[in-house]
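Derivation of every value follows stated rules applied to the coordinates shown; laboratory data play no part. From a predicted model like this one, the values you see are computed outputs, not experimental measurements. Here the Cβ positions follow ideal geometry from the backbone for every residue, glycine too, while neighbour counts run over all protein chains shown.
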Amino acid sequence: MADPIAALATAPGEGGIAIVRLSGDGVRHMTSLRFSPAGQTPAGEIPPRRMAYGAFLDKEGTVLDRILWVWFAAPRSYTGEEVVELHCHGGYLGAQRLLLEVLDLGCRPAAPGEFTQRAFLNGRLDLAQAEGVLGLIRARNDEALHAAQRALGGGWGWALLPLRGELLGMAATVQASLDFPDEDLPPWEREDLVGRLKKIRERLQEAQRQARSGALLSTGWRVALVGRPNVGKSSLLNALLQQSRAIVTALPGTTRDVVEEVLSYRGVPFRLLDTAGIRPAQDPAEREGVARALHAAEEADLRLWVLDASEPLLPEDWELGKSLREKGRLLAVRNKSDLPERWDEGALISLLGLEAPVITISAQQERGITALKDLLWHMAVGKDSLEGALHASARQCQELRQAELAVARAEEALDPGYGEDLLAQGLQEALQALDRLLGFTWDDALLNEIFSRFCVGK
């Protein structure tokens, strides 16, 4: 028995239509009691997937709205349960009144993502497809949209189910030889397993590439713009965005909080974080701004260390550079190249090493901005290709990595000196990781964590 749930399936506010969605046992019957079709066919006799126009009444018999009513029979619905949709006029008040009336009929308010969670529990979607739904909703560019559509269309199943089948067969053979050593069982050849495991590991590595690309397209790359006051961080942000988003003045300390904007370039969303100038500060507000700037630098995927090439490098520049280098990936940006330069990039290379790239630009005159964007893109994408990317969450990326490591351990166990029990363990761990990714095994905590990120009504 599935208790009936209801929620507004469209965004609140003014619009052409609003949709109230219901799912669960008896939702067709309970709504048909209040729906008066304009035609001669009674609501209870309208076939599934056929829209009917009519009036929806409150319990006193007053018309709430004139709507389109449609129902979907189980299991051929989004959730796999009986589903009803009420399409009313768009508008906050009318849609809310309709939802309240439906709740009064015996439905309870749906939790975030509960419709999609029911679709998973009822076998309409695997867990990777369910997470693809979230990617589809949150897509901010064409590439991310296509990656989510591939995942929703079963892309992870196509990629991983054959591997799972191979691993399952190998695990069963090896485990049987361990459990029944005296039985006349078909033998397995070491060289055959070596070759098969190598191919599986390579295919898992390709799946990880697709996942990394998908994760990059969906979550983006956090890029923190850090440096002393008045080196041109806000001007650089405006130049990258091609719009005046951040306030730019000659006064140091204008930026007090972290300003976040998204730059979509060649399909990759870059989350640009313009931070307060880092310097010793006495003002409490500025001290808080500096603390937030350092935290943003700590959490970012890449730090853009912005410097003023028209001024001599100061001791605090060297201290900040050393600190940023220790936090992770770093790109030094020599700004204000339109002014007479006071130092060259050799000084930075001596501090940062050859592995840390240096680029020269003029944010004011927008010189070198395209080259900077290209460099950011190459640093984010690396050797991966965005072609064939599949939407992937951090959880899915982790499970794929765990599966590959387990297969590698199984390969190692085939070397002389290792026992069959280690081989069996590696195969089982790889299977478990794939089963968690696709949703063959799960627990309530995992489902709650995934579906809590959905909006109510999806």
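What translational diffusion coefficient, in µm²/s and rounded to a whole number, does the Stokes-Einstein relation yield for the stretch 125-175 at 4 °C and a viscosity of 1.567 mPa s, taking the hydrodynamic radius as the Kirkwood radius over Cα pairs? Working shown, then result.
Working: Rh = 12.0 Å.
The calculation lands on 108 µm²/s.
Counting each DSSP H run of 4 or more residues in the chain as -39500 (n - 2.57), what helix-only mean residue ellipticity at 222 nm follows after dividing by all residues, to the nearest 500 deg cm²/dmol? Before the final figure, lay out each step's value.
Numbers: 15 runs with 211 residues, N = 458.
Calculated at 222 nm, the ellipticity per residue is -15000 deg cm²/dmol.
Report, in order of residue number, the helices in the chain meeting two criteria: a C-alpha extent of 24 Å or more along the helix axis, and a mean Kyte-Doolittle hydropathy of at least -1.0; treat each whole DSSP H run as one helix. Provide the component values of the computation, followed by the final result.
Details: long enough: 155-179 (36 Å, 0.58); 190-219 (42 Å, -0.98); 394-413 (29 Å, -0.64); 420-438 (27 Å, 0.14).
Sorted by number, the helices that extend far enough and score high enough are 155-179, 190-219, 394-413, 420-438.
Would you list 235, 213 from fewest to most Cβ contacts within 10 Å? Spell out each step's value before the answer.
Values: 235 21, 213 25.
So the ranking, lowest neighbour count to highest, is 235, 213.
Can you give the net charge of the other residues whose Cβ lies under 10 Å from the Cβ of residue 2, counting K and R as +1 and D and E as -1?
Values: positive: 118; negative: 3, 25, 81, 82.
For residues surrounding residue 2, the net value is -3.
Give the percent of DSSP beta bridges with both residues in the chain that are antiparallel, rounded to the nearest 5.
Working: 33 of 53 bridges.
DSSP beta bridges in the chain are roughly 60 percent antiparallel.
How large is the Kirkwood hydrodynamic radius of the stretch 1-59, in angstrom, based on all distinct alpha carbon pairs?
Numbers: mean 1/r = 0.0769 Å⁻¹.
So the Kirkwood estimate lands at 13.0 Å.
Between beta-carbons, use under 11 Å as the cut-off and find the net charge around residue 400, counting Lys and Arg +1, Asp and Glu -1. List each step's numbers first, then the result.
On the way: positive: 203, 209, 212, 395, 401, 436; negative: 206, 399, 404.
Within the 11 Å Cβ shell, the charges total +3.
How many nm separate the modelled label positions at residue 343 and residue 314, each set 7 Å beyond the Cα in the direction of the Cβ?
Spacing of the two 7 Å Cα→Cβ label points: 1.2 nm.
Divide the volume of the convex hull of the Cα atoms of the chain by its number of residues and quote the answer in cubic angstrom per residue.
Numbers: hull volume 95.0 nm³, N = 458.
Given the Cα convex hull of the chain, per-residue volume reads 207 Å³.
Considering every Cα-Cα pair within the stretch 5-110, what fraction, in whole percent, is farther apart than 18 Å?
Working: 2307 of 5565 pairs.
Roughly 41 percent, once rounded to a whole number.
For residue 233, go through the lysines and keep the ones whose alpha-carbon is under 23 Å away, minus same-chain ones fewer than eight residues off.
Cα-Cα hits under 23 Å: 322, 327, 336, 373.
Which order, highest average first, do 395-406, 17-28, 155-166, 51-62 follow once you tally other Cβ atoms within 10 Å for each residue and take the mean per peptide?
Working: 395-406: 20.0, 17-28: 22.3, 155-166: 18.0, 51-62: 13.5.
In descending order of packing, they fall as 17-28, 395-406, 155-166, 51-62.
Considering the stretch 272-342, what Rg and Dmax in Å follow from its alpha-carbon atoms?
That works out to 12.7, 35 Å for Rg and Dmax.
How many nm is it between the label spots at residue 76 and residue 3, if each spot is 7 Å from the Cα in line with the beta carbon?
Placing both labels 7 Å beyond Cα along the Cβ direction yields 3.0 nm.
Which of the peptides 426-437, 359-370 is most tightly packed, and how do the rest follow, going by the mean number of other Cβ atoms within 10 Å of each residue?
On the way: 426-437: 22.2, 359-370: 17.7.
Ranked from most to least packed, the peptides come out as 426-437, 359-370.
Quote the charge dipole size of the chain about the Cα centre in Debye, to the nearest 20; the model charges only the Cβ of Lys and Arg (+1) and of Asp and Glu (-1). Display every interim value, and only then the final one.
Values: 51 positive and 64 negative charges, 330 e Å.
Taking the Cα centre of the chain as origin, the dipole is about 1580 debye.
Among 338-350, 91-103, 371-383, 109-121, how do they line up from the highest to the lowest mean number of other beta-carbon atoms within 10 Å?
Values: 338-350: 13.6, 91-103: 17.6, 371-383: 15.2, 109-121: 20.8.
Per-residue Cβ counts within 10 Å, averaged per peptide and sorted highest first, yield 109-121, 91-103, 371-383, 338-350.
Between residue 192 and residue 394, what FRET efficiency follows from the Cβ-Cβ distance if R0 is 30 Å, with the result rounded to 0.05? Don't skip to the end; give the middle numbers.
Values: r = 35 Å, r/R0 = 1.18.
Efficiency computed from Cβ-Cβ geometry: 0.25.
Would you list which aspartates and glutamates come within 17 Å of residue 59, measuring only between C-alpha atoms, while excluding same-chain residues fewer than 8 positions from it?
Within the straight-line cut-off, residue 59 pairs with 101, 104.
When the Kirkwood hydrodynamic radius is evaluated over all pairs of different C-alpha atoms of the stretch 59-195, what value in angstrom, to one decimal, is obtained? Could you put the intermediate results ahead of the total?
On the way: mean 1/r = 0.0507 Å⁻¹.
About 19.7 Å, per the Kirkwood formula over Cα pairs.
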